[in-house]
Amino acid sequence: MTFLERTTDARRFRQWEGNVEADYIYTSGVAGERFFVALRDDGKMLASRCTACGLDYLPPRLFCEDCFLELTEFVDVPPEGRVAAVTMAHLDRRGTPLSRPQVWALVTFEGIRGGLVHRLLVPPAKARVGLAVRAKLKARGDRVGAITDIEGFEPVRS
Amino acid sequence: MRKVGVIGAGMTLFRRRLQETGKEMCFEATKMALDSAGLTRADIDMVVNGTAPDAFDGVHMKGEYLLDGCGGYRKPYTRVFTGGGTGVFSSIAGWWHVASGLADAVLVVNEEKMSSCQPHPQSVFAHIWDPILDRPLRPNLVWIFAMEMNRYMHVHGVKKEDIARVAVKNKRNAVGHPCAQLADPKITVDDVLNSEVMAWPVQRLDISPPSDGASAIVLASEDFIRRRKIKDRAWMSGVGWCIDSTMWTDRDLYFPEYVARAAQTAYKRAKISDPRREIDFAEPYDPFDYKELHHLEGLLLAKKGEAPILTREGVTERDGDLPVCPSGGLMGVGNPIAATMGQKIGELFWQLTNQAGKRQIPHEVHTGVAQAWGDLMPLWW
Ligand SMILES: [Zn+2]
């Protein structure tokens with residue numbers, strides 16, 4: 001009776017192997033194109049501004065989710081942000097222990113709606129909410145226009 | 001049950017690949033629908049999203065992902081999914097939100113971004129099969145349709161050229177559609193018959209290719225429509241949906257019994273006793289040309305085996321006695337699965353409110369029926 005037995009090895013039964021393979025190409029969209037090109041070429045982050053409610057969206061969006069207007073105005077995100085929350089990852093996605101914990105943070109910017117999740121480039125003991133940080137970018141020639149053009153966030157004063 | 005009307009509709013271009021993200025496409029369609037109804041997002045009580053498998057866009061739980069583009073921010077929001085049937089079924093979900101009295105004004109927004117999936121969206125269809133009975137044989141979805149088409153042709157003695165006429169009609173009808181991907185004013189029956197064989201009897205031009213796109217409609221209660229003095233509205237007088245055996249091998253392939261049952265439910269609700277006489281035009285689901293014929297018979301608008309004859313005689317042309325797919329359908333406008341709501345429910349709204357432009361049926365029409373098919377079998381009108 002299957003319900004009453006327990007096995008961790010499906011191969012004990014008659015079985016077939018399968019693989020749901022799937023590959024994708026994602027477009028960054030109209031607003032995303034502006035964001036990633038500015039990041040790659042000018043090394044800066046853009047937000048899109050809703051002139052109706054005054055919100056500046058990071059990452060920039062084509063539309064204000066509240067007012068439902070198309071956003072065409074872009075503003076620079078302040079270079080300095082703050083850590084809003086942190087976590088130290090001890091296991092990888094498969095549950096294998098990492099050789100050293102990874103530090104991840106949610107970084108927000110004054111006056112900007114939203115924020116970015118990224119690596120926090122400090123030792124775990126130094127990771128804390130409120131830390132003033134800025135983006136550490138790859139060198140101009142290594143940037144391709146992707147979120148990984150940002151290596152992580154580092155303290156403004158170390 | 002309260003009376004429900006469609007008061008606005010919008011849709012994006014349908015293209016093989018669009019730069020816009022799924023959210024951005026949803027925003028464009030939703031904004032158009034709101035503008036056409038003369039409403040803003042603040043007027044909307046609830047939002048329904050319809051979108052097909054996550055595997056197409058390549059985003060898991062894409063209903064949540066698309067929420068902001070659908071106008072769902074801080075609103076009661078639901079995603080429904082019934083395969084290709086989503087093209088009509090999400091409208092039915094919107095209908096029950098309003099008919100039940102839960103909401104006065106509802107947005108229904110459908111989306112598909114199939115170009116994300118590489119090398120072809122067909123590749124993820126490989127995973128809809130039974131993993132033990134079917135997948136070891138490495139089947140292709142087109143095989144099922146080919147066998148269904150073959151069975152339909154065999155039972156009624158239908159000629160391939162009479163089926164090809166549907167592709168020709170719809171691709172020509174789509175010439176007046178501003179969103180169309182596949183309009184072709186010069187296409188002939190021979191073009192269809194000479195196109196590449198994919199899985200006999202299905203040839204390249206018998207099938208609508210995948211696409212990117214979004215569509216949206218606004219539904220409202222009779223009371224809301226009166227209060228806001230909204231002039232352009234099309235009433236949803238009946239809805240129905242039905243599913244057959246989960247095993248396609250157990251179905252009667254030559255006749256879609258599930259469509260007939262869904263249609264009977266909708267006709268009963270709408271107090272229609274003689275659909276062929278009381279319905280002025282139809283938007284049946286046409287991902288393949290033969291499917292339009294199959295579905296017309298399921299909708300009881302043609303006797304079994306009669307739909308190819310009606311097509312040959314020109315009855316289903318835009319200026320015929322029973323115009324079918326005046327939008328250009330999936331065959332002519334394109335097939336971003338769920339977003340085909342634009343050619344089905346959207347077209348009914350545009351035709352019934354005299355806003356179909358070059359596609360407007362030349363004679364007066366009062367009642368239309370739209371239908372979509374997927375794993376589930378919904379129908380609307
Ligand atoms: Zn705003």
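So here's what we get for this one:
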| item | result |
| --- | --- |
| Nearest 10 degrees, 0 to 90: helix A:29-42 Cα axis against chain A principal axis | 70 |
| Qualifying lysines (Cα of each under 29 Å from Cα of B:LYS159; at least 8 residues distant if same chain) | B:LYS169, B:LYS171, B:LYS186, B:LYS291, B:LYS303, B:LYS304, B:LYS344 |
| Accessible surface, the protein assembly as shown, averaged per residue in Å² (probe 1.4 Å) | 46 |
| Chain B - Debye-derived log10 I(q)/I(0), Cα point model, q = 0.06, 0.10 Å⁻¹ | -0.20, -0.56 |
| DSSP-assigned coil residues among trypsin sites (Lys or Arg not before Pro) in the stretch A:1-70, each with at most 14 further Cβ atoms within 10 Å | A:ARG6, A:ARG14, A:LYS44 |
| Convex hull volume per residue in cubic angstrom - Cα atoms of the stretch A:29-155 | 126 |
| q = 0.12, 0.16, 0.17, 0.21 Å⁻¹, the stretch B:1-118: log10 I(q)/I(0) [Debye, one scatterer per Cα] | -0.39, -0.70, -0.79, -1.19 |
| The stretch B:258-351: GluC sites (Glu not before Pro) in DSSP loop, at most 12 other beta carbons within 10 Å | B:GLU313 |
| Residue-averaged [θ]222 nm for the protein assembly as shown, counting only DSSP H segments that reach four residues, each worth -39500 (n - 2.57) | -8000 deg cm²/dmol |
| Value of Rg to Rh for the protein assembly as shown (Rh from inverse mean 1/r over Cα pairs, i.e. Kirkwood) | 1.03 |
| Within chain A: Cβ-based charge dipole about Cα centre, in debye rounded to nearest 20 (Lys, Arg +1; Asp, Glu -1) | 780 |
| Most to least accessible of B:THR246, B:THR30 (protein chains only, probe 1.4 Å) | B:THR246, B:THR30 |
| Accessible surface, 1.4 Å probe, highest first, among residues B:TRP248, B:TRP95, B:TRP200, B:TRP241 | B:TRP200, B:TRP241, B:TRP248, B:TRP95 |
| Packing-based ranking, highest mean first, of B:49-58, B:319-328, B:282-291 given that Cβ atoms within 10 Å are counted | B:282-291, B:49-58, B:319-328 |
| Heavy atoms of B:THR367: accessible area, 1.4 Å probe, square angstrom to 10 | 30 |
| Nearest-20 debye value, the protein assembly as shown charge dipole, Cβ charges on Lys, Arg, Asp, Glu | 1140 |
| B:SER237 - accessible surface, heavy atoms, 1.4 Å probe, Å² rounded to 10 | 50 |
| Signed unit charges on C-beta, dipole axis of chain B, positive-most listed residue B:PHE56, B:PHE89, B:SER245 | B:PHE89 |
| Solvent accessible area, Å² - B:LEU182, 1.4 Å probe, full protein context | 40 |
| Per-residue mean of C-beta atoms belonging to partner chains within 10 Å, peptide B:120-132 | 2 |
| Which of B:HIS295, A:HIS90, B:HIS156, A:HIS118 is most accessible, then next, and so on - probe 1.4 Å | A:HIS90, B:HIS156, A:HIS118, B:HIS295 |
| 10 Å Cβ neighbours from other chains, averaged over peptide B:19-25 | 6 |
| GNM top mover of B:ALA216, B:ALA302, B:ALA180 - chain B, alpha-carbon springs below 10 Å | B:ALA302 |
| Those Cys residues of chain A for which no other cysteine Cβ falls under 4.7 Å | A:CYS53 |
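The values are calculated or read from the model by the stated rules, or taken from the named source; none is laboratory data. Here the structure is a predicted model, which is why all the values come from computation and not from measurement. Cβ: placed from backbone, ideal geometry, glycine included. Neighbour counts: every protein chain shown. Heads up: the accessible areas ignore ligands, DNA and RNA and are worked out on the full protein's heavy atoms, side chains in. Shrake-Rupley method; radii C 1.70, N 1.55, O 1.52, S 1.80 Å.
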